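The values are calculated or read from the model by the stated rules, or taken from the named source; none is laboratory data. From a predicted model like this one, the values you see are computed outputs, not experimental measurements. Quick reminder, even Gly has a Cβ in these numbers, built from the backbone with ideal geometry, and neighbours come from all protein chains shown. To get the accessible areas, we keep the full protein, side chains included, count just its heavy atoms, and leave off ligands, DNA and RNA. Shrake-Rupley method; radii C 1.70, N 1.55, O 1.52, S 1.80 Å.
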Amino acid sequence: MGIQYNLPPLYAMEVFYHGEKNGIWQGDFIKNEKKRNLVFPLLLREFLECYGYLHINQNENSFQIWHPDYMVEIQLETNDGYIPVLVIGTLQEVLVGICTNTQNLMVVFGDQTDEGVVGTPVDLEFSGILTIMIVAELLQSDSHEIFETDTQIASAFAKYGVDYTKLHPNKGYTKHYSLNFNDENNVFLIGVFADIDGKLESLHVIHRKILTLEELQQLFENEFYQNALHCDFNYALQLQKQIIWRLKDADPLELADHYKLAARCCWKLGALEEADSWYEKGRSIIEDNLENAPDQAQGYFRAMGNFYADTKQYDKSDQYYTKANQILQQYFSEDFAKIGAIYQSQAYYLVENGEDLDKAIELYNKALEAFQKDPKNCKYDIARTQQLRADAKKLNKSNMQKN
């Protein structure tokens, strides 16, 4: 495609983050619209829904846009009367608002005083804030070249095939920026202008970033945990594989946890051999470090027990459930919630797979026996296990009548 000229800021962010998104749940906007009668302009909402939890919105040297729960609407007094302003965030210690009665969402800078927020409209639009935010993120890159003299700029234009006549900056504040991307070289080309219609002041060439480990982990957690009911396990697995590759020299116990997560994704995808392989990669680490991390070990072995039980490999599942139980009895003999949970899991998979219901009922009894030793902290576990046991008994009776 060559060069894409004058990218809108949201599209520049999409290119910058390789299409990855991690933002605020749309329900948080709906809640504030209904309960607080706030109106969120589309561009503001799109930014926060796509990028609200990524580093671009956590840069201390740039704008930071708040979660909608913290936004407030005020009436700002001006020479022309009062105008509605939605206070949306900060620029360091300065409050930032947008005039919701203007089509271009003109920006207000303000301060909190005893009388409330006092602000002044400035010659900046909200789209300009987004442009400044993506530029600030890009300019932090280590792979950053600056061309300032006419000769340097001409050389860069020739190298990257830039047509100067196509550079048209987005309106900023003290500076104005033309955001361009050369997909053949995988670089951003930022043209900096002192005046919106003036001469190019400098050209910045920045290689497109690779997502940081923290960003990858944040994306995984958002998909795997926060979106648990509708998780795209294939996407989560690809993220987890990238995380594991970045952590190849990390503490082995940390890696083991990530192997377990990768295994879980494969399990949910039905890639059982790959899931088994990931569990095995972590098992040796866990066994070698059992005395240093017994709680992690029992959790790991319980997960393996669940996997093998779900896939009807009962000899293996019993082996790992037993290992988990032995660790709990040795190191956490008073943790009745975890002890009971192992028996409950064993029983659950037997019932789900239509296997030995008598054994399942016996295991539910053992789970209840453990939970009832700590009734205050296990009251919900007790109630659920009683219901599961009742369902198993009902199913067992029905099967016996059929036979």
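Listing for the model above:
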read-out: Mean separation of Cα contacts under 8 Å, 6 or more apart, over the residue count of the stretch 213-318: relative contact order %; value: 18 percent
read-out: Additional length obtainable on full extension of the chain from Ala154 to Ser277, 0.36 nm per residue less Cα span; value: 38.8 nm
read-out: Top of Ile190, Ile83, Ile339 by mean-square fluctuation, Gaussian network on the chain, Cα under 10 Å; value: Ile83
read-out: Packing rank of 259-272, 172-185, 221-234, where each peptide gets the mean count of other beta carbons within 10 Å, highest leading; value: 259-272, 172-185, 221-234
read-out: Average accessible area per residue (Å²) across the chain - probe 1.4 Å, nucleic acids and ligands excluded; value: 52 Å²
read-out: Cα gyration tensor shape for the stretch 222-322, rounded if a/c is under 1.5, else prolate or oblate; value: oblate
read-out: Shape category assigned to the stretch 246-403 from the gyration tensor of Cα positions, a/c cut at 1.5; value: oblate
read-out: Relative contact order for the chain, counting Cα pairs under 8 Å that sit 6 or more residues apart, in percent; value: 9 percent
read-out: Prolate/oblate/rounded call for the stretch 22-92, Cα gyration tensor, a/c under 1.5 rounded; value: oblate
read-out: The chain: most fluctuating residue of Pro252, Pro375, Pro68 per GNM, C-alpha cutoff 10 Å; value: Pro375
read-out: Identified option (computed Kirkwood radius over Cα pairs in Å; candidates [x] 23.0; [y] 22.3; [z] 25.6); value: [z]
read-out: Carbon and sulfur %, accessible surface of the stretch 13-153 computed with the full protein complex present, 1.4 Å; value: 47 percent
read-out: Hz values of 3J(HN,Hα) by residue in the stretch 94-105 - Karplus curve (6.51, -1.76, 1.60), Gly and Pro given as x; value: 8, 6, 10, x, 10, 7, 6, 9, 10, 4, 8, 6
read-out: Separation between Cα centres of the stretch 1-30 and the stretch 140-184, rounded to whole Å; value: 20 Å
read-out: Cleavage-rule hits (chymotrypsin sites (Phe, Trp or Tyr not before Pro)) in the stretch 322-403: DSSP loop, at most 15 neighbouring Cβ within 10 angstrom; value: Phe332
read-out: Too-long pairs where the Cα-Cα distance tops 21 Å, listed order kept, from Lys260/Lys338; Lys359/Lys394; Lys338/Lys373; Lys316/Lys359; Lys281/Lys359; Lys366/Lys393; value: Lys281/Lys359
read-out: Net charge dipole size for the chain [Lys, Arg +1 and Asp, Glu -1 on Cβ; Debye, nearest 20]; value: 1840 debye
